[in-house]
Amino acid sequence: MEKDPKIEAFTKLHELILFYSEYRDRPVEKDFDFFAEVKACCEVLDLDYEGLKKEFQLT
């Protein structure tokens, strides 16, 4: 049984937001682009990327 892409994207977005709230002031791996990951999830979920960044204060 295949997973629903929207559920996978939502799960990943949730994990990213938690990651940001816990580790935002710490360095991350060089090739990790947090905002690109969030944007990709927003595209799958048909969410406003800029609105989401503003709502969760992702800077």
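Before moving on, here are some points about what is shown:
- Filtered by the rule that a residue be open to solvent by 100 Å² or more (accessible area, probe 1.4 Å) and over 12 Å from the mean Cα position of the chain (by Cα), the range 26-47 gives ARG26, PRO27, GLU29, LYS30, ASP31, ASP46.
- The set of residues in the range 1-15 that are surrounded by 15 or more Cβ atoms within 10 Å (Cβ to Cβ) and either modelled with pLDDT under 95 or acidic (Asp, Glu) (or both) is empty.
- Cβ pairs under 8 Å, 6+ apart, first in the range 5-34 and closer than 18 Å to LEU58 by Cα, second open to solvent by 80 Å² or more (accessible area, probe 1.4 Å): ILE17/PHE56; TYR20/PHE56
- Of all residues making up the range 26-49, the number that are touching a helix residue (DSSP H, G or I) at 6+ places or on another chain (Cβ under 9 Å) and either part of a helix (DSSP H, G or I) or within 10 Å of LEU16 (Cβ to Cβ) (or both): 12
The values are calculated or read from the model by the stated rules, or taken from the named source; none is laboratory data. Because the structure is a prediction, the values reported are computed rather than measured. Cβ: placed from backbone, ideal geometry, glycine included. Neighbour counts: every protein chain shown. Please note that ligands, DNA and RNA were not included when accessible areas were found on the heavy atoms of the full protein model with its side chains. Shrake-Rupley method; radii C 1.70, N 1.55, O 1.52, S 1.80 Å.
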